[in-house]
1. Can you work out which of the residues in the stretch A:49-66 that are away from chain B (no Cβ under 14 Å) and acidic (Asp, Glu) is nearest to ligand 3 (Cβ to nearest atom)?
2. Restricting attention to the stretch B:187-234, and to residues there that are within 15 Å of B:THR260 (Cα to Cα) and within 21 Å of the chain's Cα centre (by Cα), which single residue is nearest to the other protein chains (Cβ to nearest Cβ)?
3. I want to confirm something. Restricting to the stretch A:55-82 and keeping residues that are under 25 Å from B:ALA318 (Cα atoms) and in contact with a Leu (Cβ under 8 Å, 6 or more places away or on another chain), which single residue is farthest from ligand 1 (Cβ to nearest atom)?
4. Any residue in the stretch B:306-318 that's more than 11 Å from chain A (Cβ to nearest Cβ): show its pairings with residues that are away from ligand 2 (no atom under 12 Å from the Cβ) at Cβ separation under 6 Å, as long as the two are six or more apart or on different chains.
5. Restricting to helices (runs of 4 or more DSSP H) lying wholly in the stretch B:45-132: which have 3 or more residues that are closer than 29 Å to B:ARG346 by Cα?
6. Which of the residues belonging to the stretch B:229-278 are more than 22 Å from B:GLY341 (Cα to Cα) and part of a helix (DSSP H, G or I)?
7. Need the failing condition index for A:LEU21 against (1) touching a residue at least 60 places away in the same chain (Cβ under 8 Å); (2) on the phi < 0 side of the Ramachandran plot; (3) aliphatic (A, V, I, L, M), just the number.
8. Keeping to the stretch B:1-51, report how many residues are small (Gly, Ala, Ser) and farther than 25 Å from B:VAL437 by Cα.
Amino acid sequence: MILQMEARHWARQRVAGERYLCLLQEGELVVVLDRCKHRGGPLSLGTYDERTQCVKCPWHDMVNTPRNLEARRMPSVRVGSVMTVVVPEPD
Amino acid sequence: MLDTAALLESPALHPLWQHLQASGPYQPGRGWTLDNPYHRPTDLSGLSPGSLGEPLRLETLCTRRSLVLNRLLFNIYEQNNLYLPPARFSEQEMQAFHGYYAPDFVAANALLRPVLERSCFDFLTGTISVQGPWSMAHLEEYTRDALSRFEAAPSGLCERIRRTAHPDKAARLFLLQVAPDFLSEASQMARALPGNYGPVHSELMKIFIDEFGYGVHPQKHSTLFEETLTSVGLSPRVHTHYYWYLPTSLLMTSYFHWITAVKTRWFEYVGALYWIEAVVPHFNRQFSRLLHDTFGAGVNTGYFDEHVGIDLHHRRMAFDKLIRPMVERYGDGVIPAMVRGIEASRLLGDVSERDFLEQMDFCEALAAGGAAPAGPWQGMPARELAAGTFLEPNVYDSPHVVGVVKGRVEVDGGYLSPRVLAPGEAVVVPAGRMLGVRVLEEGASLVLEPQAREERG
Ligand code: FES
Ligand SMILES: [Fe+2]
Ligand SMILES: [Fe+2]
């Protein structure tokens, strides 16, 4: 399905049972599934390290690297301040 | 100050005590397993309100009185836990459900709680004494040392189980001893959650969501434990094996209820929680391997494997996110309570391990056809018991002879495979050990007497 959200670092969007997070990676805004690589903790409630561009999860403090976040990216297109994302159909 | 123990002795409260003694949930069962979690056989006949306050000591933890007091206290705490049957209530279940959770019954039990807590946990106060100027650095050094010593040695319990003739039965007996805790895992932690106590409140919540599987039922730790039980042929029904919970297994479970129910024990709870989370990975890794080696590919060790991983996080979280910030906020003065919690949970762990191993040895002897009396017993007084008579599993304070003069009886110590005694056969229950008896077929003439002094080997 198609999701529209604000194109802004740390904008969050919830669809059915899933959460998505917009964040900066290498100067570009991308959208990732808001789930930690470890046990699915809410990355959007974690902390972002501007230098390394890693996100530390609030549940067990595991660091999700750009590589990890890459694996959680959603197809997205930004037009101005609007981000359009293609996400899986909620079941 | 109000002393509920003294109040209980006043004649005006006799009806309350009589009500408890006669209450449905506490009546004896009729067989080895219990049909529903609302039935909690607790033999209050030998007790009076005035006798409840006599504290247990380290040396009297494995006694009949300890068993009764611990069953009672455990059942009282568990009135805070909701259990539902797996399917539509039978009429009997519905009645028992309303009986166990009846507000007046709960209130009557609650009045006993302070005196029972004193009698069950007083020995901890006397046995453990934390003194001197503890700082965070001391606590760090002390826990690091305790943990590295714990992890340096392989689990003696696992080794002992491996060396038995029936490691499968021994492992099951162990699973039964942790069932009072694991079947409702983290319910004590849930007790610690209501309220509003600052940032650590949210840190405890993070541990809690792991324990409860993030709202994904198959991931909930109690569900994982049920899967383990099922995979080794044990019923996952809550407390269906209630009869085999040893007094110290109940005590261990109740300890965590106590320190979460009594809010002033919060700092002790945090210490105790840290220690439990800390020791689990090392033990569970070995127990998981033991289950694999014993039961083969079909065993589900998910419960134990899950803890090998997640409790490494939990012990770090308990230390860095609970202990440390609280010491920063409230000062070094709260450290001794934390140390007390660590030592208390460690001591209770040791005590329940010993209790289990002794029971296991007794079960092994029973299974091997041993445990025979040292001398003649046939002259002892016998009583006639009708077929089906069930003498509930109980702890015997002194060695007792159980001998069959006529008929056949089965006896069990928790291996869930009773040994049948025919006429002329007898066993001895050692002091502090648990045994249940059921009369088979047409009834029996049974000796159940203290072993005479001179007959001791
Ligand atoms: S779920 Fe993110 S660190 Fe565990
Ligand atoms: Fe757990
Ligand atoms: Fe844990």
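A short reminder: the numbers here are calculations on the coordinates, not readings from a lab. Owing to the predicted nature of the structure, the values given are computational and were not obtained by experimental measurement. No Cβ is skipped: glycine too gets one built from the backbone with ideal geometry, and neighbour counts run over all protein chains shown.
1. A:ASP49
2. Step by step, filter the stretch B:187-234, then rank; the result is B:MET189.
3. Once the filter is applied, the top-ranked residue is A:VAL55.
4. B:VAL308/B:ARG285; B:ARG315/B:ALA278; B:ALA318/B:TYR274
5. In the stretch B:45-132, B:64-78, B:103-127 are the helices (runs of 4 or more DSSP H) which contain 3 or more residues that are closer than 29 Å to B:ARG346 by Cα.
6. Once the filter is applied, which keeps residues that are more than 22 Å from B:GLY341 (Cα to Cα) and part of a helix (DSSP H, G or I), the stretch B:229-278 yields B:LEU229, B:THR230, B:SER231, B:TYR242, B:TYR243, B:TRP244.
7. Among (1) touching a residue at least 60 places away in the same chain (Cβ under 8 Å); (2) on the phi < 0 side of the Ramachandran plot; (3) aliphatic (A, V, I, L, M), A:LEU21 violates only (1).
8. 7
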